[in-house]
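*Asks:* For reference, the structure I am asking about is given below.
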Amino acid sequence: MTDAAAAPYFEGILIAGTSLIGDCDGAVYWPQERLLAVADLHFEKGSSFAQRGVLLPPYDTAATLARLGRLIMRYAPRAVIALGDSFHDGGGPDRLGDADRTQLRALQAGRDWIWITGNHDPEPAKNIGGDFGGALVIGSLIFRHIPQGENGEIAGHLHPVARVSHRGRAVSRRCFAADATRMVMPAFGVYAGGLNVRDAAFADVFGTLDFTAHMLGDGRLYAFAARHCRPD
Amino acid sequence: MTLVEHSRDILPEQFARWFAQRGWRPRVHQLELLAKAEAGKSALLIAPTGAGKTLAGFLPTLVEIAQRGAPSRKLQSTGRAVTRSQGLHTLYISPLKALAVDIARNLEAPVREMGLPVRLETRTGDTPASKRQRQRRDPPDILLTTPEQLALLLASADAPFLFGTLRRVVLDELHSLVTSKRGDLLSLDLARLFALAPQITTVGLSATVAEPDDLRCFLVPQPLSGIAMADMVVAEGGARPDVAMLDTQALLPWAGHSARHALHEIYDLVRGHKTTLIFVNTRSQAEFLFQEMWRINDDNLSIALHHGSLAVAQRRKVEDAMAAGKLRAVVCTSSLDLGVDWGDVDLVINVGAPKGSSRLMQRIGRANHRLDEPSRAVLVPSNRFEVLECEAALEAIADNAQDTPPLRTGALDVLAQHILGRACGEPFLCDELYAEVRAAAPYADLTRADFDAAVDFVATGGYALKAYERFAKIKQGKDGRWRITHPRVAQRYRLNVGTIVEADMLKVRLVRSKRTGQQVPRGGRVLGEVEEYFIEMLTPGDTFVFAGQILKYETIVENEVYVSRSTATDPKVPAYEGGKFPLSTYLAARVRAILADSKAWRALPDQVREWLEIQEWRSLIPPAGDLLIETFPRAAKHYLICYPFEGRLAHQTLGMLLTRRLERAGMKPLGFVANEYALAVWGVGDMQVRLQKGLLSLGDLFNEDMLGDDLEEWLAESALMKRTFRTNAIIAGLIERRYPGEEKTRRQLTISTDLVYDVLRKHQPDHLLLRAARADAATGLLDIKRLGEMLSRIKGRIVHKALDHVSPLSVPVLLEIGRETVYGEASDELLREAADDLIKEAMQ
């Protein structure tokens, strides 16, 4: 990307010959298709805990939607794909607050919206707009929830986090885990936890440690070879 | 007729005879307490250990029960309507489970010998369920328990039945209880008891404190305006303690806390006495000293070890052996600050910094419990600065100056826990509960708004966004009363009651170092346990000191940390030392005064005096109210050292904030290290030149405004603040405690409180839990309050000394670089070489 310096938000990542923009807010934008992809929104995780008696602050859905809104403002995508686990549990869509529901509708207006199903939300929900699917193939790319290591795959599920240390101090951030042929996207929801990219689950996807962790920084991504990242 | 004459009259014949048979005479304060009880007054007894405090506290109860006669019949609990003439008479609350058990044992003697119709029982976490149930149905006359157990008893529907007959509450070691959140919890439970049983009086037993009035307020319900206080009885002080500093013949170390230099001298002291208590400040020091003592224990003296990480059974064994007079010495931590009186201790040795004068005096009081003989104690400083601190403590003891902290303002997270507990018991009305809570001294100033916020928090989380009404834990009924919405809520409350939140610990296992690309080998020996938050700061390959050796961190496997032996000579990572008491403000001021007054140096050992004289010659000695700042280059880095004497925690916070400012000033700071007395910051930029050219201002750097935006920014990401928040979240009941063995499954169900902290901070910065966390940070791990007081004190009083190399005064803190450890400083030998170089450089 020759204009990366002028537009500090994003960075080009080439997956299976397709040029994507990795946004430091944790989303992927495909300029050619005007398509925005986010993974693991985990909407209503707060209220999911609340119904079990753990009254976490109920601001998670609104905070996650606000971040998503910023991205949609930024790219004005023709389509948005949520790569599964969009809701923390099956009851999530019903618990969605009025303001959040309105906000979600506003974001969906005028564009395609695809909910890929995930392990947390395997059933299509009725009242949240959009279309549903188990996976979506566009050109050389396939969008799905659980990564299978396939060529051209853009997946979520694993919540990659990378950890690097410098001068004796360690920094941990969410990241895109990617090699030339596939990518695991960072979790987008504010309450979503993380899994270190050095965990065996990533080796299963990439086969080796020859992949890159694009860590989400303040205004830019920072790329580190996975083998240089620290395990937990 | 004087009070005492009168009270001698009120001591029944039976009791007078018993005293006489034992060859005792009732002590004046024991009779005075009896008179207070007869007059229906609550009272605070201030007495040194060995003054017969416990018997004094229970004497009124024993007398009353003796006069009342044997219980007539048993009654079953059917709720509030049942009125009984007899039932639970006295409740005894102790900070330690073991103490409650011991006191019960000690009371059995007079009860048996006088043939009193008294049933006394303990109730602790170890009490079997069947016995607990029976105790509710058919309570004993005297119940000995802990604040947590009391909270549990109160959070049940039959609390009015159980406590309706109560006459007296005895609070032991009150000075220790009131300084923590347990004291907050206890004060609220006490307020509940005052409401359930208005007839009760209280007896507080306490060591000498700086502000006895605070404790007197704690003991009685506070009126809506003004204050109420219990009466006070002060036992006559015993003989003045005989305290000295060890006049060591060895070279005094510059830093570290091992006191290895004085090992043989300590051993000789033990040999010369019947029974010695050796107090140290941390568990690792206890372990270290214990092992070293046995290494030179040619006489095979029975020396034991006692600290909080040891298994309960092992601690009890040591305590029993001690009570039986079988031990010559016990190396112990604050785990023995409180507890049973042992008559036979004839020497207390305090190794390391005394930290506070009251604390030290209480420890010294553990020796020689016969009041007419002086307690004998020896202070063993483990490094040069500690010599100054010991000297300051000796002066404070001579002046009998106390420095116990002032009464706490009741914490909001504890209030939330109490409110939930109340709802688990009898449904409550807000107006009534608010009035009840304000009767507790720590909560006397609680605003209605804060109270309502706490109720709202308990009910639905206290969020501005009202999203959780349907998940409410407590709800208001048509009668206006709040009650729990589901029995499950009460179950969870019972599992999470209490204010002690232990750090999550991980086992440390020694393995062979991993070769590149290979799996870390399993197996190996367990070296001990370490706080999880410490390991989270590390990255594999980092080195740190643990169990007396330098170790390399390899990885975490489930709940174990794998480490290997390291060949490094400098451990890379320092650690926050939890659980250490900071130097008291009072002693700190005394230390500064000694330092500033060269005449006072005459009392110091030659080596220390010489050290200070060279400092005076090479740099300068700061006047008592001033802050000395030294700058010098060393090994291609530039150092800035300051000497606030405000304790490690306040210095760490200062270090965090100062490095931010230096970063902004382009000084490229690389790190900092703090000890109790000083802070050292180093970086790439030449701070000295910038200061001399007026491009950098110390007045600006150390300006109080660092507690504004800089602090805010740091708090947003501070791991310490997040740890504080986690504790608040657990105490307040937002999230649940983790229990050993449940980790694996629960980890998937728990959410990182760090994420919650971030979201809450952004969306509702005035939320109850964040306010609670801030209040804790002010005095807890971040000690912001003390730092603020220091910054204000030194305004316009900063003295800068530009040096061309290391100053003598800075050596101790520089030696801390890379050597602060989790559990202690056992790596002294390894570091000595590095230390010698520094010292040579400084003293030239």
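The values are calculated or read from the model by the stated rules, or taken from the named source; none is laboratory data. Keep in mind the model is a prediction, meaning the values are calculated, not measured. Here Cβ is always computed from backbone atoms with ideal geometry, including for glycine, and neighbour counts include all displayed protein chains.
*Asks:* Among the residues of region A:176-216, how many are of a type in the set (A, V, I, L, M, F, W, C), outside any loop (DSSP other than H, G, I, E, B) and over 30 Å from B:Phe672 (Cα atoms)?
*Replies:* The qualifying residues number 14.
*Asks:* May I pose another question? Please indicate, with yes or no, whether at least one residue in region B:730-748 is surrounded by 13 or more Cβ atoms within 10 Å (Cβ to Cβ) and polar (S, T, N, Q).
*Replies:* Among the residues of region B:730-748, not one is surrounded by 13 or more Cβ atoms within 10 Å (Cβ to Cβ) and polar (S, T, N, Q), which makes the answer no.
*Asks:* For region A:202-213, check the following and say yes or no: at least one residue is farther than 17 Å from A:Arg163 by Cβ and of a type in the set (Val, Ile, Thr).
*Replies:* Looking through region A:202-213, at least one residue is farther than 17 Å from A:Arg163 by Cβ and of a type in the set (Val, Ile, Thr).
*Asks:* Let me ask another. So in region B:733-751, with the set limited to residues that are under 24 Å from the mean Cα position of the chain (by Cα) and more than 10 Å from chain A (Cβ to nearest Cβ), which one is modelled with the highest pLDDT?
*Replies:* Here the residue is B:Arg737.
*Asks:* Within the set of pairs 6 or more residues apart or between chains, which connect a residue that is over 14 Å from A:Ala155 (Cβ atoms) inside region A:21-41 to a residue that is in a loop (DSSP other than H, G, I, E, B) and polar (S, T, N, Q) with Cβ atoms less than 8 Å apart?
*Replies:* Cβ pairs passing all conditions: A:Leu41/A:Ser86.
*Asks:* Restricting to region A:202-231, give me the number of residues that are surrounded by 17 or more Cβ atoms within 10 Å (Cβ to Cβ) and within 18 Å of B:Ile556 (Cα to Cα).
*Replies:* The total comes to 3.
*Asks:* Answer yes or no as to whether B:Ile397 is on the phi < 0 side of the Ramachandran plot, touching a Ser or Thr at 6+ places or on another chain (Cβ under 8 Å), at pLDDT below 90 and not charged (D, E, K, R).
*Replies:* no
*Asks:* Here is a list: B:Ser187, B:Ser258, B:Ser180. Which entry is touching a residue at least 60 places away in the same chain (Cβ under 8 Å), assigned by TED's automatic domain parsing to the domain that holds B:Ile93 and either within 30 Å of B:Gln291 (Cβ to Cβ) or surrounded by 22 or more Cβ atoms within 10 Å (Cβ to Cβ) (or both)?
*Replies:* B:Ser187
*Asks:* Continuing with the same structure: Looking at region B:465-489, which of its residues are within 16 Å of A:Gln51 (Cα to Cα) and buried (at least 19 other Cβ atoms within 10 Å of the Cβ)?
*Replies:* B:Ala467, B:Tyr468, B:Phe471, B:Ala472, B:Lys473, B:Ile474, B:Ile484, B:Val489
*Asks:* Scan the strands (runs of 3 or more DSSP E) fully inside region B:141-216 and keep the ones with 3 or more residues being hydrophobic (A, V, I, L, M, F, W, C).
*Replies:* Per the criteria, B:142-145, B:168-171.
*Asks:* Of the residues in region A:85-108, how many are farther than 23 Å from A:Ala155 by Cα and not hydroxyl-bearing (Ser, Thr, Tyr)?
*Replies:* Total satisfying the criteria: 12.
*Asks:* Same structure again: Would a scan of region A:50-62 turn up a residue that is assigned to a helix (DSSP H, G or I) and among the charged types (D, E, K, R)?
*Replies:* Yes: region A:50-62 contains one or more residues that are assigned to a helix (DSSP H, G or I) and among the charged types (D, E, K, R).
*Asks:* May I ask you to list pairs of residues, at least six apart or on different chains, whose Cβ atoms are under 9 Å apart, with the first in region A:50-76 being at positive phi and within 14 Å of chain B (Cβ to nearest Cβ) and the second being among the aromatic types (Phe, Trp, Tyr) and part of a helix (DSSP H, G or I)?
*Replies:* Listed by first residue and then by second, the contacts come to A:Gly53/B:Phe471.
*Asks:* Which is over 32 Å from the mean Cα position of the chain (by Cα), of a type outside the set (A, V, I, L, M), more than 30 Å from B:Ser335 (Cα to Cα) and modelled with pLDDT of 95 or more, of B:Glu616, B:Glu630?
*Replies:* Just a single option satisfies the conditions, and that option is B:Glu630.
*Asks:* Let me ask something else. With B:Glu663, B:Glu646, B:Glu610 as the choices, which residue is among the charged types (D, E, K, R) and either part of a loop (DSSP other than H, G, I, E, B) or buried (at least 21 other Cβ atoms within 10 Å of the Cβ) (or both)?
*Replies:* Going through B:Glu663, B:Glu646, B:Glu610 in turn, the sole match is B:Glu646.
*Asks:* Okay, next question. Condition test on A:Ile154, is it over 20 Å from A:Pro93 (Cα atoms) and out of contact with any strand residue (DSSP E or B) (no Cβ under 6 Å at 6 or more places or on another chain)?
*Replies:* no
*Asks:* Shifting gears a bit: Report, by residue number, each residue of region B:501-525 that is surrounded by 12 or more Cβ atoms within 10 Å (Cβ to Cβ) and modelled with pLDDT of 70 or more.
*Replies:* Correct list: B:Val501, B:Leu506, B:Lys507, B:Val508, B:Arg509, B:Leu510, B:Val511, B:Arg512, B:Ser513, B:Gly524.
*Asks:* State all residues of region B:753-792 that are of a type in the set (Lys, Arg) and more than 18 Å from B:Gly708 (Cβ to Cβ); if no residue qualifies, say none.
*Replies:* B:Lys762
*Asks:* Shifting gears a bit: Could you look through region B:457-492, keep only residues that are within 7 Å of chain A (Cβ to nearest Cβ) and assigned to a loop (DSSP other than H, G, I, E, B), and pick out the one that is nearest to B:Gln764 (Cα to Cα)?
*Replies:* Looking at the filtered set, the residue picked out is B:Tyr463.
*Asks:* Does region A:217-232 hold any residues that are of a type in the set (Gly, Ala, Ser), in a loop (DSSP other than H, G, I, E, B) and touching a Lys or Arg at 6+ places or on another chain (Cβ under 8 Å), and which are they?
*Replies:* Within region A:217-232, A:Gly217 is the sole residue that qualifies.
*Asks:* Filter region B:111-129 down to the residues that are closer than 16 Å to B:Val170 by Cβ and either free of Cβ contacts under 8 Å to residues at least 24 places away in the same chain or in a strand (DSSP E or B) (or both) and list them by number.
*Replies:* Result: B:Leu120, B:Glu121, B:Thr122, B:Arg123.
*Asks:* Return only the number of the condition from (1) within 14 Å of chain A (Cβ to nearest Cβ); (2) in a helix (DSSP H, G or I); (3) at pLDDT 90 or above; (4) within 22 Å of B:Met656 (Cβ to Cβ) that B:Asp754 does not satisfy.
*Replies:* Status for B:Asp754: all satisfied but (3).
*Asks:* Taking the criterion of being modelled with pLDDT of 85 or more, hydroxyl-bearing (Ser, Thr, Tyr) and crowded, with 21+ Cβ neighbours inside 10 Å, would at least one residue in region B:280-296 satisfy it?
*Replies:* Within region B:280-296, not a single residue is modelled with pLDDT of 85 or more, hydroxyl-bearing (Ser, Thr, Tyr) and crowded, with 21+ Cβ neighbours inside 10 Å.
*Asks:* Turning to a different aspect of this structure: Run A:Ser172 past the list (1) more than 10 Å from chain B (Cβ to nearest Cβ); (2) part of a strand (DSSP E or B); (3) within 24 Å of A:Leu68 (Cα to Cα) and report the number of the one that doesn't hold.
*Replies:* (1)
*Asks:* Considering only region B:757-770, state which residues are surrounded by fewer than 17 Cβ atoms within 10 Å (Cβ to Cβ) and more than 10 Å from every other protein chain (Cβ to nearest Cβ).
*Replies:* Result: B:Pro765, B:Asp766.
*Asks:* Hey, another quick one. Taking the stated definitions as given, is A:Asp232 of a type outside the set (A, V, I, L, M, F, W, C) and over 16 Å from A:Ala178 (Cβ atoms)?
*Replies:* yes
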